[in-house]
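Q: Below is the structure I would like to discuss, written out as C-alpha cells.
Since every read-out is calculated from the coordinates, none of them should be taken as a lab result. Since the structure is predicted, the reported quantities are computational estimates derived from the model, not experimental observations. Ideal geometry is used to build each Cβ from the backbone, glycine not excepted, and the neighbour counts take in all protein chains shown.
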Amino acid sequence: MSAHEQFADDLALFALGALQGDERLTLEKHLEGCSSCRRELERLRGDMALLALSASGPAPPQRSRERLLKAIAKEPRTQKTLARAQSLWTFLPWLATAAVLLVAAFFWQQSDRLAQQVARLRDQSAQQQAQLEQAREVVSTLTSTDAMRVTLVAAQTLPQPQGKAIYVRNRSSLIFLAGNMPPLPPQKAYELWLIPTKGAPIPAGVFKPDARGSATVIEPPLPAGVEAKTFAITVEPEQGSSTPTMPIVMMGVGE
C-alpha cells in the first residue's frame, strides 16, 4: 500500500474525529500539501453534514452511510476501529436532534424575552399617555374662559393662608392650589368642599400641606354639572369625611 493510499484510508477516521496521536499529526501535515486528500476529506465531511442536517427521519442517508463505512473498512486497524466508527455514526442522528432542540429552546427564550419587553413598553406608553391626558386637562382647566375662579382666605393668621379653586362646571373639572397653610394636628387633614347653589356640601378632595404650607388638589371625582356657589375647607380625619366638621377654616368668594 502506498503512502498516499494509507492517508486516504485514515481520512474517514479523521473526519469522524477518531484519529488521534501521531497518526493524526502525520495526516494533518500530509493534508497541507495534498489537494486530492483535502477534496476527499471535504466529501466525507459533506456526507456527515447530510446526516446532521437531514430532516427525513432518524435513519441517515443510505448513500452517505455506505460511502463513509466503505472508507473506514479500508483502514487496516481491525474491527475495533470499525465498530467505534459505526457507533459514532449511530450517535450522530441523536446529536443532530439535540442540536435542533437547543436551537429551538434558544429562539423560544428570545421570543419570550421580546414579548416581555413589548409588554413593558406598552405599559410605559399607556402610563405616559395617561399623564399627557391629565396634563392637557390641567392646562385646559387653567386656561378655560368659562372657569369659576375662587380665592379662599383665612382671617387673623399671619402669614395669611390662601387657596385658589379653578372649577369648570361643564367638565366637572377642579384644580385647587393652597399656600401658607398652617400645620395640622396628628392624624388630621384638610378637606376641600364644593358648596353647591342647592343641596349639601360635596367632598372635593383631602390634602396635607408640605413643610412650606403648600398643597394641591387636582381633578378630584365630582358629580357632573354641579353649579358651585363657593368652596370651603375644614379639618377632618386623614381619610376624609362625608359631611363638614365645624368650624370652617377657610371660605371662598367668587372672583
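Q: Report the full-extension gain for the segment SER140 to LYS164: residue separation times 0.36 nm, less the Cα-Cα distance, to one decimal in nm. Don't skip to the answer; put the middle values down first.
A: Values: separation 24, 0.36 × 24 = 8.64 nm, distance 1.63 nm.
Contour length minus Cα-Cα distance gives 7.0 nm.
Q: At a Förster radius of 41 Å, what calculated FRET efficiency corresponds to the Cβ-Cβ distance of LYS198 and GLN117, to the nearest 0.05?
A: That gives a FRET efficiency of 0.15.
Q: DSSP loop (so not H, G, I, E, B), at most 12 other Cβ within 10 Å: list which trypsin sites (Lys or Arg not before Pro) in region 150-247 pass both filters.
A: Numbers: sites: LYS164, ARG169, ARG171, LYS188, LYS198, ARG212, LYS229; in loops: LYS198, ARG212.
Answer in residue order: LYS198, ARG212.
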